[in-house]
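What follows draws every value from the coordinates through simple rules; no lab data is involved. Every value quoted in this text rests on a predicted model; they were computed, and no experiment measured them. Here Cβ is always computed from backbone atoms with ideal geometry, including for glycine, and neighbour counts include all displayed protein chains.
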Amino acid sequence: MGQLKINQGLVNADNAKELVKICPFGAISYDGAKLDVSSACKMCKICVKKGPAGVMEYVEEEEPKETVDKSLWKGICVYVDHEGENIHRVTYELIGKAKELAAVIKHPVYALIIGKDAAKSAKKLLRYGVDKVYVYEDEALCDFRIEPYTAAFCDFIDKVKPSSIMVGATNLGRQLAPRVAARCRAGLTADCTVLEMKENTDLVQIRPAFGGNIMAQIISPSNRPQFCTVRYKVFAEPKPSDTESGEIVLMNIAKDALASGIEILAKTEKPRDIDISEADIIVAVGRGAKSEQSRAMAKELCDVLGGVMACTRPLVEENVMDAKHQIGLSGRTVKPKLIICLGISGAVQFAAGMKSSDCIIAINSDKNAPIFDVAHYGIVGDVNEIVPMLLEKIKEDAANV
Amino acid sequence: MNILVCIKQVPGSSNVEVDPVTGVLKRDGVASKMNPYDLYGLEVAMSLTEKYGGTVETITMGPPQAKAIIDESICMGAKCGTVLSDRKFAGADVLATAYTISQGIRKCGEYDLIICGKQTTDGDTAQVGAEVSEYLGIPCVANVLSVDDVADGKIYVTVSLDNIVVKESVKLPCLISVDSDINSPRLPSYKVKKTLTDDMVKFISFADFEDQDANHYGLNGSATQVERIFPPEKNTEKHSITGDAKEQASGIFDVLKSRKLI
């Protein structure tokens, strides 16, 4: 770890101008005599690497940060997301990935389940090839409340010392993972789309970043455990085996550690809405197809194909469509058999939410639109012309059967 | 009740491009704005104080220019606000950001309720709120759909989990993150804008904090490190369907047919 040093002696009007321009965050300023870096600096070090030689320097701090003994931390743990006896399917997807990662470093795979009748659900996990399922069962853990769940989770980490922890990026996981990570002073990477394992047990976490068309590869080189969250439908769900394997371990925690300032008063099932993340066929519209006419056409195509409608973030922001139809980092992740993208440019946040779909067809009038980088079938053209012809063709075909 | 709302200045547009040759981020000239998700949190805060009394303050972490969004929050009805700004905070990940904000909140005063937006549009992690609450040692609840009542030192909220909606009471002080689209945020008042004075915005830097260990802030206080950044990989299985609209439509039809999708 270190900091940026400005060698003021080397600064001149020309290279100062260059540096001001090169900084992607506008953190460098020059007043005609002195170069300054403001707190907008994100320490990306582009000024050191790409700027005029020697002006900006990255100075390593003399005292290295204390590092952990990584050999004391063993195992990859998946947090079991559940509501009562229903285990969220993201859990199985994560176990599948955890087994792949664990194989690289020959670590065991653990599952951690916290709840009132957790042991019952724990048995289901034994068909998925985990080595151990750790169970915290208590009346106080009946419903999700942040303090007791965090206490149980941290008790598990203290006793078992897992190297990596994977949590589903559900509404519950998105609260629990950061709270636990903060208590452990551990690194946490949200919404990873690719995970890899290094020989030295560092978990390589890749996610779209800077809210733009860029991927960031992130590691926690001197902290354990390493936390990540992953959304539902990012990894494939493994098939359960016919036989059970692994061991269920009941854990004990002191009652007074489970105190909470939260009281659950009532619970109601959400009405079963259209869930785009479960759909097999999706027709998605973006800014290029947001007119009423285009959307009506898209809807017709969608109905003919038996799919559901989805959209990009701008359409939600403009109140053209409801947020539950939104695909992307701030919406849902989908993995359908077919997705037809109409008038969607394909920003990375959108692409991150749909690029593992089996078949991606995109129609856009801009031949340079990034959607064509993820599409299996790209069509440069006018949505309003092509879709009606396609509809006609499908109807003709249906009439001939 | 005294409420603190955590807000953030984000780029006006989320389209950041990478120069394919140099690998450098291209800065677009679009101005900064307040994170749109924070507006819902501000609206919840304002309507609570209208009903139950008390004041709303705001806090942000960022460069000195982030004062602009504190000004905006004051125009929406906040009493005053704080900018946490220091080069030592640069390069912070979730852990260091949350720690810095919690130190800043301790410095600002005591609050009954801290409100965050669901997430930011630039980081998209939705994690900082929960980590801040941990460092303040108070309960937190995310995905709050509505604040139904405040009574007997508790706040009554409706919360959206994945398949269920939960009504719960939470002891104050606590931190809540509110969902988006739960209200219609008010517009900033032009009248207030004309009366803004400099003493309404306070700047706090590292030197003001209780914890003076620089290793807890910024890049040094971060557990995660960005090893590299790279453009997303492009799909290799690519076909383009060309011709006039009719030929293109029939090309799509053939794909759907061959994949047994129609």
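Let me make sure I get this right: for chain A, a, b and c are the square roots of the gyration tensor eigenvalues over alpha carbons, sorted descending. Under 1.5 in a/c it's rounded, otherwise prolate if a/b > b/c, else oblate. Which is it?
Oblate.
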(message) I want the local charge near A:Ala266. Using Cβ-Cβ distances under 12 Å, sum +1 for each Lys or Arg and -1 for each Asp or Glu among the other residues.
(response) -3
(message) Tell me the net charge near A:Glu199. Cut-off is 13 Å between Cβ atoms, A:Glu199 excluded, with +1 for each Lys or Arg and -1 for each Asp or Glu.
(response) +1
(request) Please turn the phi angles of segment A:80-93 into ³J(HN,Hα) values with the Karplus equation 6.51 cos²θ - 1.76 cosθ + 1.60 (θ = phi - 60°), one per residue in order, whole Hz, x for glycine and proline. (result) 8, 7, 8, 10, x, 8, 8, 7, 5, 4, 4, 4, 5, 4
(request) Take the alpha-carbon centre of segment B:213-262, take the same for segment A:12-38, and report the distance between them in whole Å. (result) 35
(request) Amide H neighbours of B:Ser177 under 5 Å, at least 5 residues apart or on other chains, H built in the peptide plane: list them. (result) B:Cys116, B:Val141, B:Ala142, B:Asn143, B:Val144
(message) Using each residue's phi in segment A:168-173, evaluate 6.51 cos²θ - 1.76 cosθ + 1.60 at θ = phi - 60° and report the 3J(HN,Hα) Karplus result to the nearest Hz, with x for Gly and Pro.
(response) x, 7, 8, 4, 6, x
(request) Tabulate in residue order the Karplus-calculated ³J(HN,Hα) for segment A:214-230, using 6.51 cos²θ - 1.76 cosθ + 1.60 with θ = phi - 60°, rounded to whole Hz; enter x for Gly and Pro. (result) 8, 10, 10, 9, 10, 9, 10, x, 10, 10, 9, x, 10, 9, 9, 10, 9
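Of A:Lys335/A:Lys393; A:Lys97/A:Lys198; A:Lys17/A:Lys42; A:Lys74/A:Lys132, which ones are farther than 22 Å apart at the Cα? Display every interim value, and only then the final one.
Working: A:Lys335/A:Lys393 26 Å; A:Lys97/A:Lys198 14 Å; A:Lys17/A:Lys42 19 Å; A:Lys74/A:Lys132 13 Å.
Listed pairs above 22 Å: A:Lys335/A:Lys393.
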(message) If you average the C-alpha positions of segment B:64-127 and of segment B:153-207 separately, how far apart do those two centres end up, in angstrom?
(response) 12
(message) List the residues, sorted by chain then number, that are 5 or more residues from A:Met321 or on another chain and whose placed amide H is less than 5 Å from its amide H.
(response) A:Val316
(request) In a Gaussian network model over chain A where Cα atoms closer than 10 Å are linked, find which of A:Ala254, A:Ala310, A:Ala190 has the largest mean-square fluctuation. (result) A:Ala254
(request) Would you mind classifying segment B:58-135 by shape? Square roots of the alpha carbon gyration tensor eigenvalues, ordered a ≥ b ≥ c; an a/c under 1.5 is rounded, otherwise it is prolate if a/b is larger than b/c and oblate if not. (result) rounded
(message) What lysines does A:Lys270 reach when the alpha-carbon gap must be under 16 Å and sequence neighbours fewer than 8 apart in one chain are set aside?
(response) A:Lys324, B:Lys167
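Note down the magnitude of the dipole of segment A:25-183 about its Cα centre, charges +1 on Lys and Arg C-beta and -1 on Asp and Glu C-beta and zero elsewhere, to the nearest 20 debye.
Result for segment A:25-183 is approximately 680 debye, rounded to the nearest 20.
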(request) Quick one: dipole size for segment B:2-216, taken about the Cα centre, charges +1 on Lys/Arg Cβ and -1 on Asp/Glu Cβ, in debye to the nearest 20. (result) 620
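What number, rounded to the nearest 500 deg cm²/dmol, is the helix-based mean residue ellipticity at 222 nm of chain A, given -39500 (n - 2.57) per DSSP H run of at least four residues and division by all its residues?
-8000 deg cm²/dmol
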(request) With a ≥ b ≥ c taken as the square roots of the eigenvalues of the C-alpha gyration tensor of chain B, please select rounded if a/c is under 1.5 and otherwise prolate if a/b is larger than b/c or oblate if it is not? (result) prolate
(request) Quickly estimate the mean residue ellipticity at 222 nm for chain B, helices only: each DSSP H run with n ≥ 4 gives -39500 (n - 2.57), and the total goes over all residues, rounded to 500. (result) -8000 deg cm²/dmol
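Would you order A:Asp81, A:Asp69 from fewest to most other beta-carbon atoms within 10 Å of each residue's own beta-carbon?
A:Asp69, A:Asp81
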(request) In a Gaussian network model over chain A where Cα atoms closer than 10 Å are linked, find which of A:Val90, A:Val104, A:Val11 has the largest mean-square fluctuation. (result) A:Val11
